[in-house]
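Here's the structure, in structure tokens; my notes come after.
What follows is calculated from the coordinates using simple rules that are stated; it is not laboratory data. Predicted, not measured: the structure shown is a model, and the values here were computed from it. Ideal geometry is used to build each Cβ from the backbone, glycine not excepted, and the neighbour counts take in all protein chains shown.
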Amino acid sequence: MSNDITNFPAKRLNCILNLLHDEMKPLNDNKRDQPIKWSFMHVYSCSQLAKLLALKRGIDPEIAGIAGAIHDLAIIRTGIFENHGPASDPMIREFLENYNSIFGTSHGKLTKEEIEIIAKASIHHTEKTIFSENKFCELIKDVDSLDRFLHGKDTYDHYKKRTKSALEDLNLEYLHNP
Ligand SMILES: [Fe+2]
């Protein structure tokens with residue numbers, strides 16, 4: 001661990017963001033439950049929020065950033081919101097293995113363990129009512145909730161709880177002047 005802020009370790013993440021961008025670019029809103037514009041915003045903002053919250057919670061910020069970026073891969077690929085957490089399982093693994101085979105040598109491979117962490121966080125991120133011991137799973141659930149809130153989406157129930165806990169961990173208080 002070092003506190004040198006010269007260079008944030010985001011080589012693999014940035015490459016993954018490029019791969020994801022290439023995949024999303026040709027998509028349009030046809031037969032999609034959410035506009036593709038939302039997915040674009042959500043990919044980048046979740047990735048950044050995941051890094052910040054990971055730094056605060058003492059877990060790997062690049063792995064968290066990757067999970068933040070690709071946790072909704074199933075929605076991106078199918079356009080379908082329903083069951084998109086579990087449905088992402090094979091897609092996330094295939095996407096990350098593909099990254100490894102194309103860019104692993106030049107940008108650094110993701111280990112089996114790292115792929116497992118990212119896959120789990122994506123598969124379980126839709127289980128907002130379940131509070132587990134898995135730090136990456138919980139982080140992505142919280143980041144997903146906070147990002148929706150910051151984009152002005154209606155926030156209720158467990159989304160509210162998770163948004164609050166993420167803001168608290170970031171030492172932020174939401175003071176709203178109507
Ligand atoms: Fe999401």
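What percentages make up the Cα-Cα pair-distance distribution of the range 11-169 when the bins are 5 Å wide from 0?
Percent of Cα pairs in each bin: 2, 10, 19, 24, 22, 14, 7, 2, 0.
Taking a temperature of 4 °C and a viscosity of 1.567 mPa s, what whole-number D in µm²/s does Stokes-Einstein yield for the range 32-73 with Rh from Kirkwood over alpha carbon pairs? Walk me through the numbers on the way to the answer.
Values: Rh = 10.4 Å.
Approximately 125 µm²/s, per Stokes-Einstein.
Provide, in order from the shortest bin, the percent of all Cα-Cα pairs of the range 1-47 in each 5 Å bin, continuing until the bin that contains the maximum pair distance.
5, 17, 22, 20, 13, 9, 7, 4, 2, 1
Go through 33-41, 93-101 and give me the packing order, highest mean Cβ count within 10 Å leading. Don't skip to the end; give the middle numbers.
Details: 33-41: 14.7, 93-101: 16.8.
Ranked from most to least packed, the peptides come out as 93-101, 33-41.
With a 10 Å cut-off between alpha carbons and a GNM built on the chain, which of P90, P61, P26 moves the most?
So, out of P90, P61, P26, the one fluctuating most is P26.
Among 116-128, 163-175, 62-74, how do they line up from the highest to the lowest mean number of other beta-carbon atoms within 10 Å? Kindly include the intermediate steps, with their values, before the conclusion.
Working: 116-128: 21.5, 163-175: 13.8, 62-74: 27.2.
Packing order, densest peptide first, comes out as 62-74, 116-128, 163-175.
Please sort through the DSSP H helices of the chain and keep those with an alpha-carbon extent of at least 24 Å along the long axis and a Kyte-Doolittle average not below -0.5. All intermediate terms of the calculation are to be shown ahead of the outcome.
On the way: long enough: 36-57 (31 Å, 0.33); 89-107 (26 Å, -0.55).
Answer set is 36-57.
Mind checking which lysines have their C-alpha under 28 Å from K161, skipping anything on the same chain fewer than 8 residues away?
By straight Cα distance, K161 reaches K37, K51, K56, K120, K128, K135, K141, K153.
Just from its helices, what would the mean residue ellipticity at 222 nm be for the chain, if runs of 4 or more DSSP H residues each count -39500 (n - 2.57) and the sum is divided by every residue, rounded to the nearest 500 deg cm²/dmol? Numbers along the way, then the final one.
On the way: 9 runs with 117 residues, N = 178.
The helix contribution divided over the chain gives -21000 deg cm²/dmol.
Could I have the simple spin-label model distance between Y156 and Y174, label points 7 Å from Cα toward Cβ, reported in nm to one decimal?
Roughly 1.4 nm, to one decimal.
Kindly provide log₁₀ I(q)/I(0) values, in the same order as q = 0.19 Å⁻¹, from the Debye equation applied to equal alpha-carbon scatterers of the range 46-98.
The computed values of log10 I(q)/I(0) come out as -0.66.
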